[in-house]
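The values are calculated or read from the model by the stated rules, or taken from the named source; none is laboratory data. Because the structure is a prediction, the values reported are computed rather than measured. When we count neighbours, we look across all protein chains shown, and the Cβ atoms used for this are built from the backbone with ideal geometry, even at glycine.
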Amino acid sequence: MSKKSLLIIFLLSPLLAGCIFSSPQPPSNQSNICSIFDENPEWYDYARDSQEKWGTSISTQIAFIKQESSFRHDVKPPRDKLLGIIPWFRSSSAYGYAQAQNAVWSEYEKERGSLFSRRSHMKYATDFIGWYNKKSRETLGISSVNAEHLYLAYHEGRGGYKRKSYLKKNSLRKIAKKVGRQVKTYQGQLASCEAKFKCRHFYQIWPICR
């Protein structure tokens, strides 16, 4: 490869990376999973791939993301205020759609071995949630259909869940119940529209896309 070609690739690489990892705006109707996928049909593909790989339902993944980030790709926890005025450190290193923290994201990257994984990309956010919930099922015995307790383990960490730290956090338990209700709502909605997302690609033909 010539020096000129290498220079062109080098100059274009930030632009290409921006295209690959560009993130859409949050859905306009976050209460309806069909509307969410209508606006971002590739999110259905990501969530379905994660479901098939790890066993967490599409509805559970999307309900977790709704609760954690309201579908904002670059959200971080607010900064604490020193003396009530001066912006200080953030309360945690959580970032992105799934609000994954640095330590557990590093664990995920090490196991998954993905060079291009990003917390700000829905593909990796859904995969991360599926991966994390599989570990919660294996180590804590939480059922794959118990979204409320999967969320408690997700929020508190598996160690915190084992210590039942959530029992002292009434607000968190209410949020977990809300997530569980959202999963059921999403499940009912998805049943009415999933067929069109399964078979929308030209290469998907029956019975492959059932």
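Scanning the stretch 138-167 for residues that are surrounded by 13 or more Cβ atoms within 10 Å (Cβ to Cβ), part of a helix (DSSP H, G or I) and not β-branched (Val, Ile, Thr) yields a total of 17.
Of the numbered conditions (1) modelled with pLDDT of 95 or more; (2) in contact with a helix residue (DSSP H, G or I) (Cβ under 6 Å, 6 or more places away or on another chain); (3) hydroxyl-bearing (Ser, Thr, Tyr), Ser117 fails exactly one; give the number of that condition. Every listed condition holds for Ser117 apart from (1).
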